[in-house]
Amino acid sequence: MTDPDEDDFLNRLHGVEHAEFVRPSDADPARAPEQCAECGSRDVRPIHKMRLYALFLALVFGVGLAVDQTLAAFLLALAGSIFFVIGPRWRCAACGRKW
């Protein structure tokens, strides 16, 4: 953590002397939210994506090997992996909203 004098120096250096110190958020993204923002229900559940991801990879590489297109299968798996990573992590059991 930086000391206040260093923060003041950096603020002056970047021309934002009036900037205030902002503490990092206490919110933990891995912890379940208290309630759904849509309906207010407290029944918030994690979305288990690993089984679906494993099935996706097996299918992509299986088809890729069967048609002798392993490079295409690898690139498709890479693109699909991005979607699994950025996909929603939580689901409201009451209204079905995902985030």
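The values are calculated or read from the model by the stated rules, or taken from the named source; none is laboratory data. The structure presented is a predicted model; accordingly, all values stated were derived computationally and were not measured. Note: ideal-geometry Cβ built from the backbone for every residue, glycine included; neighbour counts use all protein chains shown.
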Practice problem: Pairs only if they're at least six apart or on different chains, beta carbon under 8 angstrom, first in the range 25-44 and loosely packed, with under 10 Cβ neighbours inside 10 Å, second outside any loop (DSSP other than H, G, I, E, B) and at pLDDT 80 or above; list them, first residue then second. | Solution: GLU34/VAL44
Quiz prompt | Test: residue in the range 48-68 that is in a loop (DSSP other than H, G, I, E, B), of a type outside the set (Phe, Trp, Tyr) and touching a strand residue (DSSP E or B) at 6+ places or on another chain (Cβ under 8 Å) | solution = no
Quiz prompt | Pick from the range 16-66, criterion within 30 Å of ALA77 (Cα to Cα) and charged (D, E, K, R), ranking: modelled with the lowest pLDDT | solution = ASP28
